[in-house]
1. Determine whether the stretch 132-139 contains at least one residue that is surrounded by 24 or more Cβ atoms within 10 Å (Cβ to Cβ), at pLDDT 95 or above and touching a strand residue (DSSP E or B) at 6+ places or on another chain (Cβ under 6 Å).
2. Give 77, 72, 169 a once-over and let me know the one that is within 30 Å of residue 310 (Cβ to Cβ) and out of contact with any helix residue (DSSP H, G or I) (no Cβ under 6 Å at 6 or more places or on another chain).
3. Hey, does the stretch 96-112 have a residue that's surrounded by fewer than 18 Cβ atoms within 10 Å (Cβ to Cβ) and within 16 Å of ligand 1 (Cβ to nearest atom)?
4. Is there a residue being away from ligand 2 (no atom under 16 Å from the Cβ) and in a loop (DSSP other than H, G, I, E, B) anywhere in the stretch 129-137?
5. If we scan the stretch 251-268, do we find a residue that is free of Cβ contacts under 8 Å to residues at least 24 places away in the same chain and surrounded by fewer than 16 Cβ atoms within 10 Å (Cβ to Cβ)?
6. Out of the stretch 316-333, which residues are closer than 21 Å to residue 157 by Cβ and surrounded by fewer than 20 Cβ atoms within 10 Å (Cβ to Cβ)?
7. For residues that are within 11 Å of ligand 2 (Cβ to nearest atom) and assigned to a loop (DSSP other than H, G, I, E, B), scanning just the stretch 85-100, find the one that is farthest from residue 137 (Cα to Cα).
8. Go through the stretch 43-85 residue by residue and tally those that are surrounded by fewer than 24 Cβ atoms within 10 Å (Cβ to Cβ), within 14 Å of ligand 1 (Cβ to nearest atom) and under 18 Å from residue 323 (Cβ atoms).
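The values are calculated or read from the model by the stated rules, or taken from the named source; none is laboratory data. The model shown is predicted, which means the values in this text are computed figures rather than measured ones. Quick reminder, even Gly has a Cβ in these numbers, built from the backbone with ideal geometry, and neighbours come from all protein chains shown.
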Ligand SMILES: [Zn+2]
Ligand SMILES: [Zn+2]
């Protein structure tokens, strides 16, 4: 079977690997679709995501829909042929966070396709990945394989919204119209936000955000965003840039909330504590990955209550994974790019 293995920045190899047997409690999947995430792009281009640096060969990918190929011993309720979404958060299940329903904060959590630990946690961008059965969320046969690969970022967006609290009737601002920013726009709209404003440096992603539910799109390059200064109840930072962060702090109203979803490229950024946090009494929150939102994300899409199909702008066979990554890197024409079996 083919696997997309990153050796170092810009050194991606499609390798032939033997099929793995699923162990106890594990399941072997046939690849359906694997979405290329911003973290995969960072690993490919610069060999790191923040302080997680690629030091040994690592299979990329964590946004996957697959089809059960072979369940291992002791696996119940997953038969061959069943379509499943994978929650890439492999948690310990026993710590205080896992027991209190905040598995995304588990201290010994392993995340697929992540160089944060040594040895690295291998990803799922391969034809037959083996995953834990408990990470599988069954979905209906009708779930398209390209859209299905977007359930993971949708769960991230739902988690960010849950961190923000109730948005009913509120003005929401999102900086960064990448897949997660666009999906936050979609779920804020679904949850009754009065106005959803989203900004990005590029025009193309804003056109997708409009299709997904944004009411107002603004260029982050110009002065348009200044029109919302101090007027937004909830601001989501989903760009990972200092400019995006500053726009959120500027636009949040007194007493409002800022949720950080996008990892900042720099480990430390200047935060205008006096003017933006204390004087406005702003609540600043972090939002990390997702957990219980996976099943909800799958149900919202399956039931047709949320149409996220506009997110996928291209699909590529796994043998063309590098071309797929380069395409996904071009923000002037790509949103979510999905890799599929050959
Ligand atoms: Zn992702
Ligand atoms: Zn735990």
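1. Scanning the stretch 132-139 turns up no residue that is surrounded by 24 or more Cβ atoms within 10 Å (Cβ to Cβ), at pLDDT 95 or above and touching a strand residue (DSSP E or B) at 6+ places or on another chain (Cβ under 6 Å).
2. Criteria check complete, one pass: 169.
3. Yes, the stretch 96-112 has at least one match.
4. yes
5. yes
6. 331
7. Across the stretch 85-100, the extreme among qualifying residues is 95.
8. 0
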